[in-house]
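Student: There's a structure below that I have some questions on.
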Amino acid sequence: MPLVQIRHLGQGELVVVLFEQLDRIELEMDKAFRVKKLAATSQDLVVVFSNVPYGEYAVGVFHDLNKNGKLDANFFGFPKEDMAVSNNAKGGPFGGPLWQQAKIQLAQSAMVLSTLKLYPFGPKTTE
């Protein structure tokens, strides 16, 4: 089952971000525990973070179409690139999803997030 639905295969890269506890998940790279970047070439995405202690985390994914290493946002702070957060948590008018909505428990050596909905904030086409 695909982890995300990627609308622009073959363009840009997917940035997968692992966070330790935060008030809100804003997909800011300077607050990340770990970051992985992958080519956006497949709907099936496998990401391995090594040496992660058991505990609570949140996972964020965004499609960095312009490869600038950040989730682009408009003047009001709304994303301009497709993105998702663990538990398919959604943000509100005051920012990204709350920690309580997005947190997941890592209690074993491997964890599978079967489906994340990549919300279509980005352009419908890149041409």
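Student: Could you check the stretch 42-67 and list, in sequence order, the residues that are more than 15 Å from the chain's Cα centre (by Cα) and either touching a residue at least 40 places away in the same chain (Cβ under 8 Å) or exposed (fewer than 14 other Cβ atoms within 10 Å of the Cβ) (or both)?
Tutor: Matches in the stretch 42-67: SER50, ASN51, VAL52, PRO53, TYR54, GLY55, GLU56, ASN66.
Student: Do you know which residues across the stretch 68-88 are in contact (Cβ under 8 Å) with a residue 12 or more places away in the chain, part of a loop (DSSP other than H, G, I, E, B) and surrounded by fewer than 19 Cβ atoms within 10 Å (Cβ to Cβ)?
Tutor: GLY69, LYS70, GLY77, PHE78, LYS80
Student: Does the stretch 9-45 hold any residues that are within 22 Å of GLY92 (Cβ to Cβ) and touching a Pro at 6+ places or on another chain (Cβ under 6 Å), and which are they?
Tutor: Result: ILE25, single match.
Student: Name the residue, out of VAL17, VAL35, that is in contact (Cβ under 8 Å) with a residue 40 or more places away in the chain, outside any loop (DSSP other than H, G, I, E, B) and either closer than 23 Å to GLN108 by Cβ or among the acidic types (Asp, Glu) (or both).
Tutor: Testing whether each residue is in contact (Cβ under 8 Å) with a residue 40 or more places away in the chain, outside any loop (DSSP other than H, G, I, E, B) and either closer than 23 Å to GLN108 by Cβ or among the acidic types (Asp, Glu) (or both) leaves just VAL17.
Student: Applying the selection to the stretch 90-111, what residues are at pLDDT 90 or above and not in a strand (DSSP E or B)?
Tutor: The answer is PRO97, TRP99, GLN100, GLN101, ALA102, LYS103.
The values are calculated or read from the model by the stated rules, or taken from the named source; none is laboratory data. Since the model is a prediction, treat every value here as computed from it, not as a measurement. We place every Cβ from the backbone using ideal geometry, glycine too, and count neighbours over all the protein chains shown.
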